[in-house]
Structures are given as C-alpha cells and as structure tokens.
Amino acid sequence: MRIKLNSILVDDQAKALAFYTDVLGFQKQMDFPVGGEYRWITVVSPQEPGGCAIALEPNANPAAKTYQEAMFAQGIPLTALEVDDLAAEYERLKARGVVFTQEPTAAGPVRIAVFSDTCGNLIQLYQPA
C-alpha cells in the first residue's frame, strides 16, 4: 500500500492550478473535464514527478465547503508539504506574493511555516530537523 494522491479542496480550480504551478512551482500532471464545469486536475513536484500527486478538488459539495471554511477559520492547515530549506522557501514564496499566517517556527523535531493558498486553504511547510 502506498500514498500516491492527496486531495485539496479549492474554491476555484483554474485559480488553484495557476497558484500551485506558477507560484509554488509544481508541475501539472493531469487536467481533463469530468462533467459539467469540473475538471480532474493533479499536480506533482518537479523533484518527484512519480511521487505523490495533489488533486485540486472543487469544494462544490456544501459539506466540503463548510469543512474547508472551518479549517481555515480555526487556522488548521489542510495539508503539509516538506521542504529541504524552510528559510529559503519562505523567502522565495514571500517574494512571489504568498501570504504567510505563520513565519518559520520550531515545532518539536521540525520547523514549520503556514501560508494561504488563495483558494481557501492554509498549507503548512515543514523541514525535518
């Protein structure tokens, strides 16, 4: 058993695809229509194109939207992404206009930072000690 896909709820799939590729630097893996106005969109890390993908899922279901809004309001990141150098990644993303809700901070065996993905989510970056 392996983890190959993680879904992130987004309020706008086109905006999310632009943010996750143009700002964060992920690569689009898949993008095709799945009925109506929705698409199946996945992105992957350029360092691990065969690794775990992120699906940018529409929050069209009222329960999904309520969950997403509650997590954001409580300051809870929807997922976490590992980086090799948190300080450098923090500076790179800040220079690209990313808004952080938590600057790099020690948290037990890791250092973490949290940012808004502009699509309704808080995302945590972490660097192992």
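The values are calculated or read from the model by the stated rules, or taken from the named source; none is laboratory data. Quick caveat: nothing in here was measured; it's all calculated off a predicted structure. No Cβ is skipped: glycine too gets one built from the backbone with ideal geometry, and neighbour counts run over all protein chains shown.
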Flagged in segment 82-96 as of a type outside the set (Ser, Thr, Tyr) and surrounded by 16 or more Cβ atoms within 10 Å (Cβ to Cβ), in numbering order, are Val83, Leu86, Glu89, Leu93
Inside segment 1-47, can you point out the residues that are among the basic types (Lys, Arg) and surrounded by 13 or more Cβ atoms within 10 Å (Cβ to Cβ)?
-> Lys15, Lys28, Arg39
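Quick test for you: out of Ser45, Ser7, pick the one residue that is of a type in the set (Ser, Thr, Tyr) and in contact (Cβ under 8 Å) with a residue 40 or more places away in the chain.
On the way: Ser45 fails: in contact (Cβ under 8 Å) with a residue 40 or more places away in the chain.
The conditions single out Ser7.
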Scan segment 50-76 residue by residue and report those that are more than 16 Å from the chain's Cα centre (by Cα) and loosely packed, with under 11 Cβ neighbours inside 10 Å.
-> Gly50, Pro62, Ala63, Ala70, Ala73, Gln74
Residue pairs within 8 Å by beta carbon, gap of at least six or interchain, first lying in segment 91-119 and farther than 16 Å from Leu24 by Cα, second of a type in the set (Lys, Arg) and at pLDDT 95 or above, listed first then second, are Pro104/Arg111; Thr105/Arg111
Checklist (1) more than 19 Å from Val10 (Cα to Cα); (2) touching a strand residue (DSSP E or B) at 6+ places or on another chain (Cβ under 8 Å) applied to Pro77, failing item | (1)
Does Ala106 meet the test of being more than 17 Å from the chain's Cα centre (by Cα) and modelled with pLDDT under 95?
-> no
